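The values are calculated or read from the model by the stated rules, or taken from the named source; none is laboratory data. None of the values given here were measured: they were computed from a predicted structure. Cβ sites come from the backbone with ideal geometry, for glycine too, and all protein chains shown count toward neighbours.
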Amino acid sequence: MAATIRVNLPQNAYDIAIGAGLLDHLGDWMRNRSTQTNPKVLLVSNPQIFRRYGDRAIASLQAAGYQVKTCILPAGERYKTTRSIQKIHDAALDYRLERSSVMVALGGGVIGDMTGFAAATWLRGIAFVQVPTSLLAMVDAAIGGKTGVNHPRGKNLIGAFHQPRLVLIDPDLLATLPVRELRAGMAEVIKYGVIWDATLFEQLEAAPRLDRFAAIKPLLSDILQRSCQAKADVVAQDEKEGDLRAILNYGHTIGHAIESLTNYRVVNHGEGVAIGMMAAAELAADLGLWDTSNNARQLAVIHKTALPDRIPAEVDPGAIADSLLLDKKVKDGRVRFILPVKIGAVEISDRVPADVLQRVLNRLRG
């Protein structure tokens, strides 16, 4: 039995379906939930994911009457570029996708972001469906309609808001997820606990360990449903990041800078977020916004997830500070930080003194 969470947007509402074995029912869910009339589907994936799950996804789509073509892109954040978008557009052109056709993203956050951006820009916008295969994509990247690619000088600077018609989550797919990717997804789960859901954070605190699938499996239903509900609640109140939605970037401001400065080869996205959350927490403590005991609580959860909490030694803290000015969340030339005030609540601040920022970055350097 699938759990369904509604993302209540005025014009682009859609469902998040969560349930074991749902991949084999993808076609039926699309038929029941989406509005496109053309049977053509372009399935976008990467080689590893397609090899593992592609046949099942195609079989389900074909059983529901869809005609399926594929576009297989290299795996990895460094391929999240406009060149990859052109490959999706080329496949859409070769296949003659129409405005009533649909793209399906089968993969992690990188595939989902690129497929969504390609769908947003093909024929000025066609439908797309998210089928996330990583924990990070299930709880975060696949939900909310943020799509895009990286610029050589910054992450996610090129993109568009384009909501999916459906997000289909099959937790069984996580059993084969590499452990490093599983831990990366847990960074986003910890984020939701700090910014929105104190109960979720307390559940994570109570778990003996969170660093492998067997350890999180007893909590997996709550992790998925509570994280997706948190994201849906925030997005429903602020679809295009006018204000509240910015809190979802907790840990991401400094995390994105570290990813970019290391050319996406040293830390993955979740690892960058974990480091960024520690930096934001240290900033909040130095500014007197929350008690240092909360720093210890967050650090303990990060440690039991086996995520990093230090800036890589090869990254210059000064370069991080400079990179922050290219962040898309900069407003009127001021960097906006998401800073915790208690477990379950944060505030948005553009008044972090440069010397405090530099002191925290120096303190956290590995």
(message) Can you pull out every residue in segment 55-75 that is under 19 Å from Val167 (Cβ atoms) and surrounded by fewer than 19 Cβ atoms within 10 Å (Cβ to Cβ)?
(response) Arg56, Ala64
(request) Output yes when any residue across segment 241-264 is in a loop (DSSP other than H, G, I, E, B) and in contact with an Asp or Glu (Cβ under 6 Å, 6 or more places away or on another chain), and no when none is. (result) yes
(request) Looking at (1) closer than 25 Å to Asp197 by Cβ; (2) not in a helix (DSSP H, G or I), find the lone condition where Val301 falls short. (result) (2)
(request) Give me the pairs, please: first residue somewhere in segment 49-66 and in the same structural domain as Met103 (by TED's automatic domain parsing) and touching a residue at least 40 places away in the same chain (Cβ under 8 Å), second residue anywhere and in a helix (DSSP H, G or I) and among the acidic types (Asp, Glu), beta-carbon distance under 9 Å, and either six or more positions apart or on two chains. (result) Ala57/Asp24
(request) Among the candidates Gly116, Gly107, Gly145, single out the residue that is more than 20 Å from Ala274 (Cβ to Cβ), surrounded by fewer than 24 Cβ atoms within 10 Å (Cβ to Cβ) and within 14 Å of the chain's Cα centre (by Cα). (result) Gly145
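So, Ala296, is that one touching a Leu at 6+ places or on another chain (Cβ under 9 Å) and either surrounded by 24 or more Cβ atoms within 10 Å (Cβ to Cβ) or at pLDDT 95 or above (or both) or not?
Against the criterion (touching a Leu at 6+ places or on another chain (Cβ under 9 Å) and either surrounded by 24 or more Cβ atoms within 10 Å (Cβ to Cβ) or at pLDDT 95 or above (or both)), Ala296 does not qualify.
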(request) Enumerate the pairs (first residue in segment 302-321 and closer than 29 Å to Phe201 by Cα; second residue anywhere and basic (Lys, Arg)) with beta-carbon separation below 6 Å, excluding pairs fewer than 6 apart on the same chain, so at least 6 apart or on different chains. (result) Lys304/Arg209; Thr305/Arg183; Ala306/Arg183; Leu307/Arg183; Ile311/Arg365
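Okay, residues lined up against (1) part of a helix (DSSP H, G or I); (2) more than 19 Å from Ile5 (Cβ to Cβ); (3) not assigned by TED's automatic domain parsing to the domain that holds Gln298:
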site	(1), (2), (3)
Leu168	no, no, yes
Ala184	yes, yes, no
Gln203	yes, no, no
Leu210	no, yes, no
Ala214	yes, yes, no
